[in-house]
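The next block holds one structure in the form of structure tokens; read it before the comments.
None of the figures in this text is laboratory data; all of them are computed from the coordinates on show. These figures come from a predicted structure and were not determined experimentally. Note: ideal-geometry Cβ built from the backbone for every residue, glycine included; neighbour counts use all protein chains shown.
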Amino acid sequence: MNTRRKFLIQLAGGVGAASLLRAPAVASDGPAKVKESDPLAQALGYKHNTQDVDQEKYPRHDDSQICANCTLYTDPNAKEWGPCSSFGGRLVAEKGWCSAYARRA
């Protein structure tokens, strides 16, 4: 086999392997739900229910602030759980909250 053909075959195999490595780790039914124990969730003070937020730690928090009315909740029509850009598109609770909250206009 000539070196050019060998190179192209190896390149194709390498690209295929690289795409498998870069594929997001998601369940077959879609993105995973963010857990409160997730390190990023803890860093952002994420809670599944806005009423569970530590008011002393986050004094600007208000119970009317929920993920469903945040600009980072990328599907405002999603019910119960929806994708959040702060968490790479993983799902957050509709009635959740984190310190990255920004009211939807």
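Projected label points at Asp29 and Gln51, each 7 Å from Cα along the beta carbon direction, are separated by 2.6 nanometres.
With charges set only on the Cβ (+1 for Lys and Arg, -1 for Asp and Glu), what does the dipole of the range 31-105 come to about its Cα centre, in debye to the nearest 20?
Numbers: 10 positive and 10 negative charges, 41 e Å.
That gives the range 31-105 a dipole magnitude of about 200 debye.
Which shape class, rounded, prolate or oblate, goes with the range 31-105 when its Cα gyration tensor gives a ≥ b ≥ c as root eigenvalues, a/c under 1.5 marks rounded, and past that a/b bigger than b/c marks prolate? Oblate shape, in that a/c is at least 1.5 and b/c is the bigger or equal ratio.
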